[in-house]
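Undergrad: I have a structure here, written as structure tokens, and I will follow up with some questions on it.
No lab work stands behind these numbers, since they all come straight from the coordinates. These numbers were taken from a predicted model, which means no experiment stands behind them. Glycine also receives a Cβ, built like all others from the backbone with ideal geometry; neighbour counts cover every protein chain displayed.
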Amino acid sequence: MDFIKPQSIILKPSINGGFFGSEEWILEATKRKIKWYISSSLESNIGINAIAQWTFIMQKKYKKFNVHGLNTGILYVNNWISPLEIKNGSIWYNPSIKWKIKMLLNKKNVD
């Protein structure tokens, strides 16, 4: 970061060393006044759920709110059915929808 001096960095926890590794990047970016964003692209709904909750914690901890690249994983046809929904550009938890993990696990694999 010292050599390139980016204006911002995009963090994807599954690439940046998990939540711990990504927080290290946040600390280093914050020291250098570099903006940071978190991405959940190409994650399952279970991964997106975890990343969304972790993003909330990081925003509170570092008193930053940046627009993030979080999505609901609707790209996949073989994904966990989840109560995550996008409303007005934000991810929301809909308590009237239940996680349907067993349904996906019970499907037979067809090659």
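Undergrad: Are there any chymotrypsin sites (Phe, Trp or Tyr not before Pro) in segment 1-43 that are in a DSSP loop and have at most 11 other Cβ atoms within 10 Å? List them by number.
TA: Details: sites: 3, 19, 20, 25, 36, 37; in loops: 3.
Answer by residue number: 3.
Undergrad: Follow-up. For residue 15 paired with residue 2, estimate the spin-label separation in nm (one decimal), with each label point 7 Å from Cα along the Cα-to-Cβ line.
TA: Computed distance between label sites residue 15 and residue 2 equals 2.5 nm.
Undergrad: Report the trypsin sites (Lys or Arg not before Pro) located in segment 1-63 that are in a DSSP loop and have at most 13 other Cβ atoms inside 10 Å of their Cβ, or state none. Mind showing how you got there, number by number?
TA: Values: sites: 31, 32, 33, 35, 60, 61, 63; in loops: 32, 33, 63.
Qualifying residues, ordered by number: 32, 33, 63.
Undergrad: Same structure, new question: So if I place +1 on the C-beta of Lys and Arg and -1 on the C-beta of Asp and Glu, and nothing else carries charge, what would the dipole magnitude of segment 8-106 be about its Cα centre? I want it in debye, nearest 20.
TA: Taking the Cα centre of segment 8-106 as origin, the dipole is about 320 debye.
Undergrad: On to the next question. Return the long-range amide H neighbours of residue 81 (sequence gap of 5 or more, or a different chain), with a cut-off of under 5 Å between placed amide H atoms.
TA: For residue 81, the qualifying residues are 100.
Undergrad: If I stretch the segment between residue 100 and residue 28 completely, what's the gain in nm (0.36 nm per residue apart, minus their alpha carbon distance), one decimal?
TA: Values: separation 72, 0.36 × 72 = 25.92 nm, distance 3.85 nm.
Answer, rounded to one decimal: 22.1 nm.
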